[in-house]
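Novice: To start, I am sharing the structure in question, which I have written as structure tokens.
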Amino acid sequence: MSFSVSTSAIDVAAARQAVADPHCGAFVAFEGWVRNHNEGQAVERLEYEVYRPLAEKEGARIIAEARTRFAISHALCIHREGLLELGDIAVIVCVSAAHRGAAFDACRYIIDAVKTRLPIWKKEHYLNGVSEWVNCEQCAAAGHAHGHQHE
Amino acid sequence: MKTRVRYFALFREQAGCGSETVDWSGGTAAELFALMAASHPLLKTQAAALVAVNDEMSAWDTVLSDDDEVLFFPPVAGG
């Protein structure tokens with residue numbers, strides 16, 4: 001499965017192994033980690049909500065697009081669902097290719113598309129007890145035109 | 001006509017429910033959202049919101065058919 005959603009910790013070694021190929025001279029990976037701050041707030045943990053039927057379909061489409069656009073051999077992406085602690089891997093993208101240029105480009109293409117196209121939402125739980133849905137990338141694009149406010 | 005509506009994440013909290021069935025005169029996905037926003041005061045139109053019809057990402061000007069299931073997605077934040 002080129003794109004999948006996981007409710008348990010991501011096995012990095014297994015993800016890397018899944019794209020291993022003797023024809024490939026390049027391997028590029030991106031890991032998204034749960035960090036301890038966002039927009040000045042101290043973050044305690046994160047919660048991801050995923051609408052699986054569409055996320056899996058659209059995720060597979062993104063991987064297929066990357067395979068068409070770039071000269072890569074294999075690509076996969078795994079996204080977490082549920083409650084995550086600081087330092088946990090929220091998402092991993094692994095790409096292998098004959099040469100590094102295509103591997104870097106495809107990895108960047110996949111993570112950028114995953115962040116903007118998949119029905120996945122992140123709720124941040126702050127140290128002060130408040131929790132809030134995050135949509136900062138789109139907020140920036142929309143200039144905070146919608147109803148969401150940061151506390 | 002009858003349309004099943006589902007809300008996710010922030011929208012679910014704003015609507016106060018995860019899903020509901022609406023009996024209305026029909027129209028586009030955008031018109032349905034406006035109708036729902038009028039009946040749920042906390043539900044606000046969001047510039048970066050997405051809509052799916054029958055599990056396919058769709059345009060806001062999609063004209064809905066009887067028995068469609070419409071999914072309203074607040075701005076996404078994966079990764």
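Novice: Can you tell me the alpha carbon radius of gyration of chain A divided by the globular rule-of-thumb value 2.2 N^0.38 Å?
Specialist: Normalised Rg, Cα atoms only: 1.10.
Novice: Provide the FRET efficiency to the nearest 0.05 for the residue B:31-residue A:57 pair, computing r from the beta carbons and using R0 = 25 Å.
Specialist: Details: r = 26 Å, r/R0 = 1.03.
So, using R0 = 25 Å, E works out to roughly 0.45.
Novice: Another question, then. Counting other Cβ atoms within 10 Å, which trypsin sites (Lys or Arg not before Pro) in segment A:33-108 have at most 12 and lie in a DSSP loop?
Specialist: A:35
Novice: Please tell me which of these pairs span more than 24 angstrom C-alpha to C-alpha: A:123/B:2; A:57/B:44; B:2/B:44; A:57/A:122; A:122/B:2? Don't jump to the answer; show the numbers that get you there.
Specialist: Values: A:123/B:2 32 Å; A:57/B:44 28 Å; B:2/B:44 22 Å; A:57/A:122 19 Å; A:122/B:2 31 Å.
As for pairs spanning more than 24 Å Cα to Cα, those are A:123/B:2; A:57/B:44; A:122/B:2.
Novice: Taking only C-alpha pairs under 8 Å that are 6+ residues apart, what is the relative contact order of chain B in percent? Can you show the working numbers first?
Specialist: Values: 141 pairs, mean separation 31.5, N = 79.
Relative contact order for chain B comes out at 40 percent.
Novice: Can I ask one more? How big is the charge dipole of chain A about its Cα centre, in debye rounded to the nearest 20, if each Lys and Arg gets +1 on its Cβ and each Asp and Glu gets -1 on its Cβ?
Specialist: It works out to roughly 560 debye.
Novice: I would also like to ask the following. For the charge dipole of the protein assembly as shown, defined by +1 on Lys and Arg C-beta atoms and -1 on Asp and Glu C-beta atoms about the Cα centroid, which residue among B:65, A:106, A:51 has the Cα displaced farthest towards the positive pole?
Specialist: The one lying farthest along the dipole's positive direction is A:106.
Novice: Near the amide H of residue A:6, under 5 Å away, which other amide H atoms are found, from residues 5 or more places off or on another chain, if H is placed in the peptide plane?
Specialist: For residue A:6, the qualifying residues are A:79, A:80, A:81.
Novice: Turning to a different aspect of this structure: Name the residue farthest towards the positive end of the dipole of the protein assembly as shown from the options B:77, A:94, B:53, assuming +1 on Cβ of Lys and Arg, -1 on Cβ of Asp and Glu, about the Cα centre.
Specialist: A:94
Novice: Once amide H atoms are placed 1.01 Å from N in the peptide plane, what residues at a sequence separation of 5 or more from residue A:44, or on another chain, have their amide H within under 5 Å of its amide H?
Specialist: Under 5 Å from the amide H of residue A:44: A:125, A:126, A:127.
Novice: Specify the residue with the greatest mean-square fluctuation among B:19, B:58, B:39, computed from a Gaussian network of chain B linking alpha-carbon atoms under 10 Å apart.
Specialist: In this elastic network of chain B, the residue with the biggest mean-square fluctuation among B:19, B:58, B:39 is B:39.
Novice: How high is the relative contact order of chain A, given as a whole-number percent (alpha carbon pairs under 8 Å, six or more residues apart)?
Specialist: Contact order relative to length: 33 percent.
Novice: Any idea what the dipole of segment A:1-68 comes to, in debye rounded to 20, about its Cα centre with Lys/Arg Cβ at +1 and Asp/Glu Cβ at -1?
Specialist: Working: 7 positive and 10 negative charges, 37 e Å.
It works out to roughly 180 debye.
Novice: What is the set of long-range amide H partners of residue A:98 at a cut-off below 5 Å, with H atoms built 1.01 Å from backbone N?
Specialist: Amide H neighbours of residue A:98, under 5 Å, 5+ apart: A:25, A:73.
Any read-out appearing in this document is the output of simple, stated calculations on the displayed coordinates, not a laboratory observation. The structure displayed is predicted, hence computed values, not measured ones. Backbone-built Cβ (ideal geometry, glycine too); neighbour counts: all protein chains shown.
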